[in-house]
1. Of the residues Gly38, Gly27, Gly87, Gly64, which single one is open to solvent by less than 50 Å² (accessible area, probe 1.4 Å) and on the phi > 0 side of the Ramachandran plot?
2. Filter segment 52-76 down to the residues that are assigned to a strand (DSSP E or B) and either of a type in the set (Phe, Trp, Tyr) or closer than 30 Å to Glu39 by Cα (or both) and list them by number.
3. Which residue, of Thr23, Thr73, is touching a Phe, Trp or Tyr at 6+ places or on another chain (Cβ under 9 Å), closer than 27 Å to Ala111 by Cα and more than 9 Å from ligand 1 (Cβ to nearest atom)?
4. Of the residues that sit in segment 41-61 and are open to solvent by less than 90 Å² (accessible area, probe 1.4 Å) and within 16 Å of ligand 1 (Cβ to nearest atom), which one is modelled with the lowest pLDDT?
5. Would you mind telling me which numbered condition in (1) more than 15 Å from ligand 2 (Cβ to nearest atom); (2) out of contact with any helix residue (DSSP H, G or I) (no Cβ under 8 Å at 6 or more places or on another chain); (3) closer than 22 Å to Val93 by Cβ Ile30 fails?
Amino acid sequence: MKLVVAVIRPESLNAVLEALFRTNVAGLTISRVQGHGGEIERVETYRGTTVKMELTEKVRLDIGVSNHFVEPTVNAIMAAARTGDVGDGKIFVLPVERVYRIRTGEEDRAAVTPVGVPSD
Ligand SMILES: Nc1ncnc2c1ncn2[C@@H]1O[C@H](COP(=O)(O)OP(=O)(O)OP(=O)(O)O)[C@@H](O)[C@H]1O
Ligand SMILES: [Mg+2]
């Protein structure tokens, strides 16, 4: 079980969602976030130039998947979110200790498999 966390440009969200849908991703969480990706903003003041950490609007996707699903999920996001310009975003893959589906009490792989689809 892994949690794929992707931080992408808001403009790429529709393309990424479409690509994930085609990859049969069954569930995800989306949040609007502010992020910093190393870019530096120079602000002119009367005493000289100060440097401020630049924050930009991004969208964060949290997608819980079983292990064999990590690669297709990452590939779908990567292909749909890449423009080639600085700031396209980041993808983190985190280990997940446990997942529960609240309605049924199912755990782990069964909990991230769409209802009605065998988990093997
Ligand atoms: N090390 C990090 N930890 C957590 N979040 C990060 C990290 N690096 C980037 N992010 C998040 O990803 C967003 C996009 O980052 P960005 O695309 O600038 O990454 P990058 O590695 O600097 O690539 P690029 O060279 O294209 O700028 C940031 O605004 C921030 O929300
Ligand atoms: Mg950057």
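The values are calculated or read from the model by the stated rules, or taken from the named source; none is laboratory data. From a predicted model like this one, the values you see are computed outputs, not experimental measurements. So basically every Cβ, Gly included, is an ideal-geometry build from the backbone, and we count neighbours across all protein chains shown. Protein only, heavy atoms only, side chains kept; ligands, DNA and RNA dropped before computing areas. Shrake-Rupley method; radii C 1.70, N 1.55, O 1.52, S 1.80 Å.
1. Gly87
2. Residues satisfying the conditions are Lys52, Met53, Thr56, Glu57, Lys58, Val59, Arg60, Leu61, Asp62, Ile63, Gly64.
3. Thr23
4. Glu41
5. Unmet condition: (2).
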